[in-house]
Amino acid sequence: PRFISHARNIKAKGIRRGAYHFLRPGDIGNQAEFFVSMIKQAEFDKSDLLVMDWEDSGNTLKEAIQWLEHMERVTGQRPLIYSSAAVVERLYYGKPMPTWFADYPWWLAGYPLPNADRFDVIPPWYIPRGLSIEHVAAWQYDEDGIYAGIQGNKIDLNWMNPTWMDDIHLQAPEGGTVTTYLFSITPTTSNGSK
């Protein structure tokens, strides 16, 4: 309910923004039109990022490309796809990867617990079959990070592809630098919960 006011305030501060749509099965045209109406009201432009969250197990390949193509046609922008190999690979199991997958930048989720810090590259099993690291814009490797100054924490931690950042002219915040964090995740219970 506060998306438009928050998005306008962020723009007024000169911060680059992103809008994120949780794709749900069915009625893709209305979902796309609602999303477009929200970003228009929030005065999004081509410098802002658009993301399709594709986590719902009921979505089809046809629905995903329908939403993506609608966004491109109406906004002139190519959205990122936020998903995981586990979600999308089941839709083309035993078949070749859909050719349009390679046309979009991917923001992949995959949490290598209990030792995320032992990976210095994205584990290949987190990249959907048929894609490569060149297709990956970002890798969300933790959803429970901690950062000083953020109340409550439980922060999503992401590796950002430097090539993609350069391509979209994404820069570190003013006065900041791109930082590498080294962290350890240790199970706190016998079942591996952290």
Practice problem: Go through the range 1-23 and give me each residue that's open to solvent by less than 80 Å² (accessible area, probe 1.4 Å), outside any helix (DSSP H, G or I) and free of Cβ contacts under 8 Å to residues at least 12 places away in the same chain. | Solution: Gly14
Quiz item: Is the range 25-47 home to any residue that is in contact with a Pro (Cβ under 6 Å, 6 or more places away or on another chain) and either at pLDDT 95 or above or more than 20 Å from Thr163 (Cβ to Cβ) (or both)?
Solution: no
Quiz item: Can you tell which of Pro124, Pro114 is at pLDDT below 95, under 23 Å from Asp167 (Cβ atoms) and more than 17 Å from the chain's Cα centre (by Cα)?
Solution: Pro124
Practice problem: Determine which member of the set Leu50, Leu61 is under 19 Å from Trp164 (Cα atoms) and among the hydrophobic types (A, V, I, L, M, F, W, C). | Solution: Leu50
Quiz item: If you take just the strands (runs of 3 or more DSSP E) that sit entirely in the range 65-177, which of them hold at least 2 residues that are of a type outside the set (Asp, Glu) and touching a Gly at 6+ places or on another chain (Cβ under 9 Å)?
Solution: 136-145, 155-160
Quiz item: open to solvent by less than 40 Å² (accessible area, probe 1.4 Å) and part of a loop (DSSP other than H, G, I, E, B): does that describe Gly26?
Solution: yes
Quiz item: For Gly130, which of the numbered conditions (1) open to solvent by 70 Å² or more (accessible area, probe 1.4 Å); (2) modelled with pLDDT of 75 or more; (3) not aromatic (Phe, Trp, Tyr) fails to hold?
Solution: (1)
Quiz item: Is there a residue being touching a strand residue (DSSP E or B) at 6+ places or on another chain (Cβ under 9 Å), among the β-branched types (Val, Ile, Thr) and open to solvent by less than 40 Å² (accessible area, probe 1.4 Å) anywhere in the range 139-154?
Solution: no
Quiz item: Does Gln31 satisfy the condition of being open to solvent by 80 Å² or more (accessible area, probe 1.4 Å), in contact (Cβ under 8 Å) with a residue 24 or more places away in the chain and either under 28 Å from Leu157 (Cα atoms) or more than 15 Å from the chain's Cα centre (by Cα) (or both)?
Solution: no
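Residue-wise test of (1) within 25 Å of Asn9 (Cβ to Cβ); (2) surrounded by 16 or more Cβ atoms within 10 Å (Cβ to Cβ).
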{"residue": "Phe44", "(1), (2)": "yes, yes"}
{"residue": "Asp53", "(1), (2)": "yes, yes"}
{"residue": "Ile65", "(1), (2)": "no, yes"}
{"residue": "Arg73", "(1), (2)": "no, no"}
{"residue": "Ser84", "(1), (2)": "no, yes"}
{"residue": "Tyr92", "(1), (2)": "no, no"}
{"residue": "Pro96", "(1), (2)": "no, no"}
{"residue": "Trp100", "(1), (2)": "no, no"}
{"residue": "Tyr104", "(1), (2)": "no, yes"}
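The values are calculated or read from the model by the stated rules, or taken from the named source; none is laboratory data. Remember, predicted model here, so these are calculated numbers, not experimental data. Methodologically, a virtual Cβ is constructed for each residue, glycine included, from the backbone with ideal geometry; neighbour enumeration extends over all protein chains shown. Ligands, DNA and RNA are stripped out before the accessible areas are found, and what is left, the full protein with its side chains, is counted by its heavy atoms. Shrake-Rupley method; radii C 1.70, N 1.55, O 1.52, S 1.80 Å.
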